[in-house]
Amino acid sequence: MTDETRPATPLLDTIASPADMKRLSDAQLHQLADELRVETISAVSETGGHLGAGLGVVELTVALHAIFDTPRDRLIWDVSHQCYPHKILTGRRDRIRTLRQGGGLSGFTKRSESPYDPFGAAHSSTSISATLGFAAARDLGGTPEHGIGDCIAVIGDGAMSAGMAYEAMNNAGHLKKRLIVILNDNEMSIAPPVGAMSSYLSSLYAGAPFQEFKAAAKGAVSLLPQPFQEGAKRAKDMLKHMTVGGTLFEELGFSYVGPIDGHDLDQVLAVLRTVRARATGPMLIHAITRKGKGYGPAERASDKGHGVSKFDVVTGEQKKSPSNAPSYTKVFARSLIAQAEADPRIVAVTAAMPDGTGLDLFAERFPARCFDVGIAEQHAVTFAAGMAAGGMRPFAALYSTFLQRGYDQVVHDVAIQRLPVRFAIDRAGLVGADGPTHAGAYDIAFLANLPGFTVMAAADEAELVHMVATAAAHDEGPIAFRYPRGEGVGVEMPERGEVLEIGRGRMIRDGARVAILSFGTRLAEVMTACERLEARGIAPSVADARFAKPLDRDLILDLAARHEALITIEEGAVGGFGSHVAQLLANEGVFDAGLKFRAIVLPDIFIDQNSPAAMYEVAGMNAPQIEAKVLEVLGVASMDTRRA
C-alpha cells in the first residue's frame with residue numbers, strides 16, 4: 001500500500017500525542033475514533049498481527065487518552081495484543097508499519113519503547129496486579145520525579161478466567177487503593193470463552209433492564225454521569241442498562257458500573273469522566289465490546305481476526321505463503337486423533353488455545369474428550385494430572401512459553417507423583433514476530449531437570465508422528481515432546497506413528513573427526529552445514545538425539561570415543577540438552593581423554609522479534625554458523641580466510 005492508497009485521516013494526522021486530544025470536542029473524538037480504526041486496519045494489512053482485539057477497543061482507547069493524563073496516569077493493557085491503536089495515538093504512528101518486524105515496534109506494550117507503556121505484557125491476567133502495584137507505589141511516594149496519577153487496567157473477559165486476576169482483585173479490595181479496572185467484555189479471548197465466569201458476565205447484561213432504583217440501593221448512582229441522574233428519558237434508559245450490579249466484583253471490594261456499551265463513545269466518555277472525578281477506591285467498569293468491530297471480514301471470521309498475516313483490506317483475504325509441507329501443529333492434531341481412535345482413554349486439554357494447538361480438530365472428532373479450561377495453565381496441568389490419576393491418558397497441549405506459567409504444578413502435581421501426563425509443547429524455539437515473550441526457550445531446561453521426566457524433541461514432522469505414538473503408549477511417568485511453529489521440512493510422512501524406544505537416538509550419517517548431536521529441528525541446518533563442510537574435505541558424523549532425558553548414553557559415549565570433537569545443538573537455553581550431555585561426559589571421564597566439546601544453545605539474551613531465520617542468525621544456529629563452529633573446534637582456518 002502506498003501513501004496515495006492509504007485512507008485519509010485528516011484529524012488523526014494532527015495527533016502527535018494524547019496531549020493533542022485534549023483540545024478536541026466530543027464530536028471530533030468520534031471522528032478520531034473512525035480514523036483510528038481505518039488506520040489500524042490499514043497498518044495491520046501491511047504487517048500482519050493481532051487485528052480483532054485492537055479494533056474492539058478503539059473507542060475505549062480514544063476515551064482513555066482523552067480523559068486521563070497519560071503517561072502520568074498509568075494505562076496498563078492486559079496481554080496488550082490490543083495496543084496498536086494505543087501506539088498510534090502515543091507518538092508511534094510513524095513506525096506503526098514496522099509492527100512485529102526486525103528493529104520495529106513490538107506487537108505488545110514494551111517499557112523500553114515508550115513512556116506510554118508503563119508495564120510490558122504479552123501473557124494474560126497480569127494487569128490488575130501491576131496496576132495495584134503502581135497504585136501502592138503512588139501512595140508510598142514512588143517515582144517522585146514524575147509522580148503517578150490514576151492507575152487503569154484494561155483486561156479482557158478471557159483474561160478474567162485466570163486465577164491471578166482474582167488474586168489481584170482480592171488484594172485490591174483489601175487494600176482499598178484507588179484504581180480503575182475496565183473489563184473489556186467481548187465474549188471472546190482467542191477462542192470463544194468457556195467456564196462459569198463467561199456465563200456470569202453474560203447474565204449481567206442479559207438480565208437488563210433493571211429498575212433504575214437498584215442503582216440507588218447499591219449506592220452506585222453517585223458514580224454515574226450527571227446527565228444520567230437528572231431524569232431525562234435517555235438517561236433513564238441508559239441507567240437501566242448500566243446498573244445490573246456485579247455482585248461478585250462488589251463482594252471482592254470493587255464498586256461496579258456496567259454494563260456499558262464500549263462502542264458508544266458518548267457513554268464511555270461520560271462514565272470515565274465521572275469515575276475519574278469521584279472514585280475513591282477500587283472501581284470496575286464493565287464495557288461490552290465486539291472483537292473486530294468495524295471491519296466486516298474480521299467480524300465474520302470465527303476468531304474475529306485474532307491473529308492475521310498480511311491481507312487485502314477490501315476483501316480481508318490473507319496473503320499466506322504457499323507450502324507443500326503440513327504445519328507441525330496439524331501433524332500433532334492428526335496424529336493425536338489417530339491415537340485416540342484406537343484408545344478411548346486418550347483425552348486432550350488446552351488452555352484457551354484450541355486453534356493454536358490444533359485441538360479444535362480433535363474437539364470436532366471427540367467433543368466429549370477435549371477440554372478447554374480457559375486461560376488457566378496451572379489448572380490445566382493439575383486437571384490433566386487428576387485425569388491421569390483417574391486412569392485416563394491426558395495430553396496437555398500448551399505453548400512452551402505458556403507452560404512456564406504452570407511449572408509449580410508440573411513439579412508438584414505431576415513429576416513428584418510420577419503421573420503419566422503427556423505434554424505436547426508447541427511453539428518450541430524462536431517464534432518470529434511475537435518476539436521474546438513467546439519464545440519457547442526454557443522448557444528443555446526446566447523439564448529435563450525433573451526426576452522421572454521423559455523429554456523428546458522432534459527433528460521433523462515425521463518424527464513428531466512417532467513421538468505422539470510414543471507418548472500415548474508411555475505410562476511410566478510424565479513425558480513431553482516439543483516442536484516448533486510453522487511448516488515442517490517436507491519429509492515423507494509415515495502412515496502411522498511407531499513407538500520409539502525410550503532414551504534411544506538415531507544415527508543420521510557416519511563421518512570422521514567431529515560429531516554433531518542434534519536435538520530438535522536444527523537438524524536440517526546441521527545437514528546443510530555438512531554439505532558446506534564436505535567442500536572442505538570435512539565429513540562430520542551426525543546423530544539425532546531424540547531424547548534429552550533419558551539420554552542415549554551408549555550413543556553419546558560411542559560418538560565421543562570415535563571423534564576428536566563433539567558438538568551438541570538445541571533450540572533451547574543453557575541448562576538444557578547440552579548441559580546434560582556435558583554432565584554425562586564429565587562423569588564418565590571422557591574429557592580427561594582430550595575430547596573437545598561444544599554446546600550450541602540460545603544465547604543468554606532475549607532476542608527481539610524478527611523472522612525466525614534472522615533470530616536464529618543472532619543465536620548462532622544457522623548452517624553457516626554451525627559450519628564455523630565445526631571449523632573452530634577442529635582448528636581449521638575460518639570461512640572468511642578461505643574465501644579471501
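The values are calculated or read from the model by the stated rules, or taken from the named source; none is laboratory data. This structure is a prediction, so every number in the text was calculated from the model and none was measured. Every residue, glycine among them, receives a Cβ derived from its backbone with ideal geometry; neighbour counts consider all protein chains shown.
Looking only at segment 308-355, count how many residues are part of a loop (DSSP other than H, G, I, E, B), under 14 Å from GLY486 (Cα atoms) and of a type outside the set (A, V, I, L, M).
Restricting attention to segment 308-355, the residues satisfying the condition of being part of a loop (DSSP other than H, G, I, E, B) are 309-310, 312-317, 319-326, 343-345, 351-353.
From what is left, the residues that are under 14 Å from GLY486 (Cα atoms) are 309, 320-326.
Those still in the list that are of a type outside the set (A, V, I, L, M) too: 309, 320-324, 326.
The total comes to 7.
Among the numbered criteria (1) small (Gly, Ala, Ser); (2) under 25 Å from ASP20 (Cβ atoms); (3) surrounded by fewer than 18 Cβ atoms within 10 Å (Cβ to Cβ), which single criterion is violated by GLY141?
Against the list (1) small (Gly, Ala, Ser); (2) under 25 Å from ASP20 (Cβ atoms); (3) surrounded by fewer than 18 Cβ atoms within 10 Å (Cβ to Cβ), GLY141 comes up short only on (2).
From the residues in segment 415-430 that are in a loop (DSSP other than H, G, I, E, B) and charged (D, E, K, R), which one is nearest to the chain's Cα centre (by Cα)? Talk me through it step by step, then tell me what you get.
Taking segment 415-430 as the starting set, the residues that turn out to be in a loop (DSSP other than H, G, I, E, B) are 416-421, 427-428, 430.
With the extra rule that they be charged (D, E, K, R), the set shrinks to 418, 427.
On the way: ARG418: 28, ARG427: 10 Å.
Within segment 415-430, the match that is nearest to the chain's Cα centre (by Cα) is ARG427.
Take the conditions touching a residue at least 24 places away in the same chain (Cβ under 8 Å), assigned by TED's automatic domain parsing to the domain that holds ILE600, buried (at least 22 other Cβ atoms within 10 Å of the Cβ) and of a type outside the set (D, E, K, R) and apply them to LEU517. Does it pass?
Working: touching a residue at least 24 places away in the same chain (Cβ under 8 Å): yes; assigned by TED's automatic domain parsing to the domain that holds ILE600: yes; buried (at least 22 other Cβ atoms within 10 Å of the Cβ): yes; of a type outside the set (D, E, K, R): yes.
Against the criterion (touching a residue at least 24 places away in the same chain (Cβ under 8 Å), assigned by TED's automatic domain parsing to the domain that holds ILE600, buried (at least 22 other Cβ atoms within 10 Å of the Cβ) and of a type outside the set (D, E, K, R)), LEU517 qualifies.
Of these, ILE416, ILE425, which one is more than 23 Å from GLU570 (Cα to Cα) and either in the same structural domain as HIS50 (by TED's automatic domain parsing) or modelled with pLDDT of 95 or more (or both)?
Among ILE416, ILE425, only ILE416 is more than 23 Å from GLU570 (Cα to Cα) and either in the same structural domain as HIS50 (by TED's automatic domain parsing) or modelled with pLDDT of 95 or more (or both).
Table: residues versus (1) farther than 21 Å from LEU12 by Cα; (2) at pLDDT 90 or above; (3) not hydroxyl-bearing (Ser, Thr, Tyr).
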site: LEU89; (1), (2), (3): no, yes, yes
site: LEU99; (1), (2), (3): no, yes, yes
site: ASP117; (1), (2), (3): no, yes, yes
site: ALA136; (1), (2), (3): yes, yes, yes
site: GLY142; (1), (2), (3): yes, no, yes
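I need the full set of residues from segment 378-409 which are in contact (Cβ under 8 Å) with a residue 60 or more places away in the chain and either surrounded by 24 or more Cβ atoms within 10 Å (Cβ to Cβ) or part of a helix (DSSP H, G or I) (or both), in order please. Quick ask: steps written out before the conclusion?
Going through segment 378-409, the residues in contact (Cβ under 8 Å) with a residue 60 or more places away in the chain turn out to be 378-379, 393, 395, 397, 400-402, 405.
GLN378, HIS379, PHE395, ALA397, SER400, THR401, PHE402, ARG405 - these are the residues of segment 378-409 that are in contact (Cβ under 8 Å) with a residue 60 or more places away in the chain and either surrounded by 24 or more Cβ atoms within 10 Å (Cβ to Cβ) or part of a helix (DSSP H, G or I) (or both).
What's the total number of residues in segment 306-324 that are hydrophobic (A, V, I, L, M, F, W, C) and either modelled with pLDDT under 85 or crowded, with 19+ Cβ neighbours inside 10 Å (or both)? Steps first, please.
In the first step, residues of segment 306-324 are kept if they are hydrophobic (A, V, I, L, M, F, W, C); the result is 308, 311, 313-314.
Among the residues that remain, those that are also either modelled with pLDDT under 85 or crowded, with 19+ Cβ neighbours inside 10 Å (or both) are: 308, 311.
Qualifying residue count, segment 306-324: 2.
Please work out if VAL373 is outside the structural domain of GLU46 (by TED's automatic domain parsing), touching a strand residue (DSSP E or B) at 6+ places or on another chain (Cβ under 8 Å), within 30 Å of MET164 (Cβ to Cβ) and buried (at least 24 other Cβ atoms within 10 Å of the Cβ).
Against the criterion (outside the structural domain of GLU46 (by TED's automatic domain parsing), touching a strand residue (DSSP E or B) at 6+ places or on another chain (Cβ under 8 Å), within 30 Å of MET164 (Cβ to Cβ) and buried (at least 24 other Cβ atoms within 10 Å of the Cβ)), VAL373 does not qualify.
Tell me, which residue of segment 144-167 that is surrounded by 24 or more Cβ atoms within 10 Å (Cβ to Cβ) and part of a helix (DSSP H, G or I) is modelled with the highest pLDDT?
Among them, the one singled out is ALA165.
Looking at VAL271, VAL275, can you tell me which residue is under 27 Å from ALA168 (Cα atoms), free of Cβ contacts under 8 Å to residues at least 60 places away in the same chain and among the β-branched types (Val, Ile, Thr)?
Within the list VAL271, VAL275, the selection yields VAL271.
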